[in-house]
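Taking it in order: structure first as structure tokens, then the write-up.
Values quoted throughout were computed directly from the atomic coordinates according to the rules given, and no laboratory measurement underlies them. Here the structure is a predicted model, which means the values were calculated and not measured. Heads up, the Cβs are rebuilt from the backbone with ideal geometry, glycines too, and the neighbour counts pull from every protein chain shown.
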């Protein structure tokens, strides 16, 4: 099958970027022919081991007619970006036109059998309009649903195009219900496939038996990911010795806020910046605890990467995360309840002191447990992660490809 993969932003650095790479690798391994259209900017170069240059078509931002930064599906990205809610009609028009022209060129050059686009947002709408006669599958990563609420005044004309997509791949049952509520897509088209991790990269090795408990956070340095909350909670905590590794990038004021808070923790925080998958896996293999204090997620595959690397997990009890871990309860995972939020990814200011104390208490318990029993329970690790390897997740996707191609 000739599959055209579409992502509106950089095909790297974010959850959706890494997901697109993993899907293409799995697709190539299964014998499919693959082509990628993606948004890029500045000096970005795609790893040629993923796809050669003649199997890619990039829409370049911060250049020529697109003289503005690449809009990100999150309002805080790990690289300089523009916020969709700040775009004017002229910019939106140029944005859609650039992708439309790229799709028309690729249609003639590659002649795809099937389209796999990412995010239920503007570029997926444009793709549906250009490839009306071809089967189309769309992956929802959650951030597109958040944009729907962050851009209430923008008339983007998404509804009809989203309803015409042949199949939507959902991360969880909760997300499937959200998509039904927002886009009114036929429930028969919504398929829960989850997200995957690379088992060849993320695997267990013996953990350090001595020294501080090694903690990892991997993700954007932003408020929505809960990083300032994590750092403030650690500052409150007394007791067990630890070293926190911050792996990820950010931009602007929120990044500076995170770095300033990290500097207050007396050398107990190591800031790594953005890490390759290989280096992140290496860091996880020698760490004892992974913390994800996020206020909004779809189904963060980084949790499965950390678990497969033998890390205990402390994470917020968001719907998708709860759906996985409450059904397979484990001593390797602790969930932290959140109060009602003011917006889709922001707590009420009045709740912050109580949140900091609750996370501080949970951290102390998790760090103490990790210090007392430093090696993971490999039976539990296998039981929790085996469904979420990319081989298994892509098998589900491939069945959906075949189904929509036939219909």
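Taking the chain as a Gaussian network, where each spring joins two C-alpha atoms under 10 Å apart, which residue of 347, 48, 206 fluctuates the most?
It is 48.
Report, in degrees rounded to the nearest 10, the 0 to 90 angle that the Cα long axis of helix 227-236 makes with the longest principal axis of the chain.
0 degrees
Taking a ≥ b ≥ c as the square roots of the Cα gyration tensor eigenvalues, with a/c under 1.5 meaning rounded and otherwise prolate when a/b beats b/c, else oblate, which class fits the range 185-229?
oblate
Residue 186 versus residue 260, label points 7 Å from Cα toward the beta carbon: distance in nm?
5.3 nm
If you line up the long axis of helix 173-183 against the longest principal axis of the chain, both from Cα atoms, how many degrees apart are they, to the nearest 10?
40 degrees
Please label the shape of the range 275-407 as rounded, prolate or oblate, based on the square roots a ≥ b ≥ c of the eigenvalues of the alpha-carbon gyration tensor (a/c under 1.5 means rounded; beyond that, a/b larger than b/c means prolate, else oblate).
Oblate, since a/c reaches 1.5 and b/c is not below a/b.
Helix 15-29 versus the longest principal axis of the chain: what angle, 0 to 90°, nearest 10, using Cα atoms?
Value to nearest ten degrees: 60.
Kindly identify the chain as rounded, prolate or oblate by the Cα gyration tensor criterion: order the square roots of the eigenvalues as a ≥ b ≥ c, call it rounded if a/c is under 1.5, otherwise compare a/b with b/c, prolate if a/b is larger, else oblate.
Prolate is the answer for the chain, as a/c is 1.5 or above and a/b outweighs b/c.
Need the C-alpha centroid separation for the range 204-282 versus the range 22-67, integer Å.
31 Å
I need the peptides 112-118, 239-245 ranked by packing, meaning the mean over residues of other C-beta atoms within 10 angstrom, with the highest value on top.
112-118, 239-245
As a test of the formula, what do you get for the chain when each DSSP H run with n ≥ 4 contributes -39,500 (n - 2.57) and the sum is divided by the residue count, at 222 nm and rounded to the nearest 500 deg cm²/dmol?
On the way: 14 runs with 163 residues, N = 407.
That comes out to -12500 deg cm²/dmol.
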